[in-house]
Structures are given as C-alpha cells and as structure tokens.
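Visitor: First, the structure itself, so that you have it in front of you.
We did not get these values from a lab; they are worked out from the coordinates using the rules stated. Values in this document were obtained by computation on a predicted structure and should not be read as measured data. Here the Cβ positions follow ideal geometry from the backbone for every residue, glycine too, while neighbour counts run over all protein chains shown.
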Amino acid sequence: MRFLLILIWFVFFLSCAPTTKEEQVKDWLYYYDLGMSALSAKNYSEAIANFFIATQKAPNEPKVWNALGIAYMEVSEYEKAESAFRRALEVDKKFTEARLNLGVMYFRKKDYENALREIRTALADESFPHKHIAFYYLARIYKALDNQNLYLENLRKATAYNPMFFEAQLELANAYEEMGDYRSALDVYRNLLNNGINTPQIELSMARLLFYTEDYENAKLFIKRLIENKQADASQKSQAYELLNQILVKEHERLISR
C-alpha cells in the first residue's frame with residue numbers, strides 16, 4: 001500500500017513538473033509561426049502581437065526579435081523596429097539578417113549615412129547568404145544620393161550574386177532604358193527569359209526595346225506573344241497594339257524611302 005502511495009505521488013509530481021525544453025521551443029515557435037503567417041498576409045497588427053509574445057517566451061532567439069522589427073518597420077514604427085533589430089544583434093552579434101534589416105530601416109527613414117554603414121557591415125560577413133539583397137539596397141541608396149555610377153554598379157552586383165533576383169533585374173533593365181542603352185536592357189530581359197522567367201511586362205518591354213533598335217520583325221513577334229498571353233491585362237494589350245501601329249508606320253516609311 002505504501003509503495004502504491006509513493007508511485008501515485010511520483011506520477012503526480014511528474015505531471016506538475018515544468019515543461020521540457022522541447023515543449024518550450026514548440027511554445028514560442030507556435031507564436032512565431034502565427035506571426036509569420038500574419039506578416040505574409042500583411043496583417044501587421046496580428047503579426048506584431050504574436051511576435052511580441054514569442055519574444056517574451058524566447059528572449060534569446062534573435063530571429064523572433066528580427067521578425068518583430070520587420071513588422072514594426074512595415075507600419076513605420078521605426079524606433080520600435082530599431083530597438084528590436086538591435087536586441088537581435090545583442091543576442092547574436094553574428095545575426096547578419098538583423099543588421100541588413102537595420103540598414104533597410106535607415107534607408108526608409110532616409111538616413112542614408114547610417115543605412116550605408118549597416119549594409120556595408122552586413123556585406124562584410126562572407127557567410128551571409130543574402131548579399132544580393134544588400135547590394136540591391138546599396139544601389140537604391142546611391143540612387144537616392146544621385147550617384148548614378150554606384151547605383152548601376154551595385155544593381156549589377158545584385159543581379160550577379162543572384163541572377164533570379166527578379167526585382168533587381170527589372171530595375172537594372174529600366175535603368176539602362178532610361179539611359180538610352182537599349183541593347184544592355186535587352187540583354188537583361190534575355191537573361192530572364194533564358195532562366196525561364198517570362199511575364200507580359202517582359203514581353204512588352206522586349207517589344208518596345210526592339211522597336212527602339214529598329215528590329216521590327218522581332219518586336220512584332222513579342223507583340224504577338226503578348227496579345228496571345230492570357231495573363232496580359234487590358235492595359236498591356238492596349239500598349240502592345242499602340243506599339244504595333246508605330247511599327248507599321250515605321251515599316252511603311254522605310255518602304256517608301258526605298
């Protein structure tokens with residue numbers, strides 16, 4: 001009987017024991033995952049609430065502070081965002097993602113001096129896997145500072161470090177087009193197409209650039225592809241037809257001149 005009482009007491013003690021480390025991890029991960037889901041849905045209020053709970057349950061996890069900083073940054077709560085990013089770096093000074101996000105936050109505040117410092121520090125980490133994003137933001141900073149050479153240089157680096165970085169590729173192509181360097185812009189779009197990336201906007205841009213370089217036959221091929229593309233919207237198709245009219249006029253003028 002005495003043995004049975006001891007056994008019952010032992011089972012009761014185990015049931016009241018603190019949660020294991022694995023259970024604690026699951027606990028903060030639950031709120032972190034909820035926060036990431038809300039962040040993806042742009043429900044920043046819910047994201048902040050869940051990330052904050054996660055930070056209280058796991059104050060030594062840098063990624064929860066970093067996520068909280070991103071959510072605060074999206075609602076322009078820059079002081080809170082900076083505090084969260086710096087807390088992530090206090091927990092782990094090698095958590096370079098928080099360093100980059102701190103630089104992005106300064107960029108959004110138009111504090112370009114601090115933005116440059118933080119992003120350059122992030123780039124100094126050779127183990128950081130998102131250098132293409134850091135170079136992209138360096139480019140945007142230099143564009144804001146009206147330094148065209150460094151803007152283009154860093155855009156090229158962003159696309160070189162990750163040729164599938166669509167946003168940077170489009171910006172580089174647009175920059176070349178604005179400069180009147182149509183052939184370089186075409187090369188960027190061809191690189192995207194060769195990597196299996198194709199959108200109605202790329203087809204329209206290709207047609208326009210080929211028109212500028214007087215390659216009317218290939219321009220018409222891209223216009224045809226765009227018009228037949230079910231993903232193209234009414235505005236894109238309208239621009240395509242307008243461009244086709246300009247091509248037909250130019251071809252007619254060329255025929256008369258002969």
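Visitor: Mind checking which lysines have their Cα closer than 16 Å to the Cα of Lys57? Skip sequence neighbours fewer than 8 apart in that chain.
Guide: Of all the lysines, those that pass the test against Lys57 - Cα under 16 Å, at least 8 places apart if same chain - are Lys21, Lys26.
Visitor: Next up: Can you return the aspartates and glutamates within cross-link range of Lys93? Criterion is Cα-Cα under 19 Å, with same-chain partners fewer than 8 residues away left out.
Guide: Glu61, Glu82, Glu118, Asp125, Glu126
Visitor: Which residues' amide hydrogens lie under 5 Å from the amide hydrogen of Ile197, considering only partners 5 or more residues apart or on another chain, with H built in the peptide plane?
Guide: none
Visitor: Moving on to the next point. Taking 23 Å as the cut-off for C-alpha to C-alpha distance, list the pairs among Lys230/Lys250; Lys42/Lys109; Lys63/Lys110; Lys110/Lys143 that go past it. Let's see the in-between values first.
Guide: Values: Lys230/Lys250 28 Å; Lys42/Lys109 20 Å; Lys63/Lys110 25 Å; Lys110/Lys143 12 Å.
With Cα atoms farther than 23 Å apart: Lys230/Lys250; Lys63/Lys110.
Visitor: Next question. Report relative contact order for the chain in percent, whole number only (criteria: Cα-Cα under 8 Å, sequence separation at least 6). Write down the numbers at each step before the final one.
Guide: Working: 279 pairs, mean separation 18.9, N = 258.
Relative contact order for the chain comes out at 7 percent.
Visitor: Here is a follow-up. Calculate for the chain the 222 nm mean residue ellipticity that helices alone would give, adding -39,500 (n - 2.57) per DSSP H run of length 4 or more and normalising by residue count, nearest 500 deg cm²/dmol.
Guide: On the way: 14 runs with 206 residues, N = 258.
One gets -26000 deg cm²/dmol as the mean residue ellipticity at 222 nm.
Visitor: Sticking with this structure for a sec: Please work out which option in (1) 11; (2) 16; (3) 44 gives percent of Cα pairs over 33 Å apart calculated from these coordinates, and answer with its label.
Guide: (3)
Visitor: What is the dipole size for the chain, taken about its Cα centre, with +1 at each Lys and Arg Cβ and -1 at each Asp and Glu Cβ, in debye to the nearest 20? Don't skip to the end; give the middle numbers.
Guide: Numbers: 33 positive and 35 negative charges, 69 e Å.
For the chain, the charge dipole is close to 340 debye.
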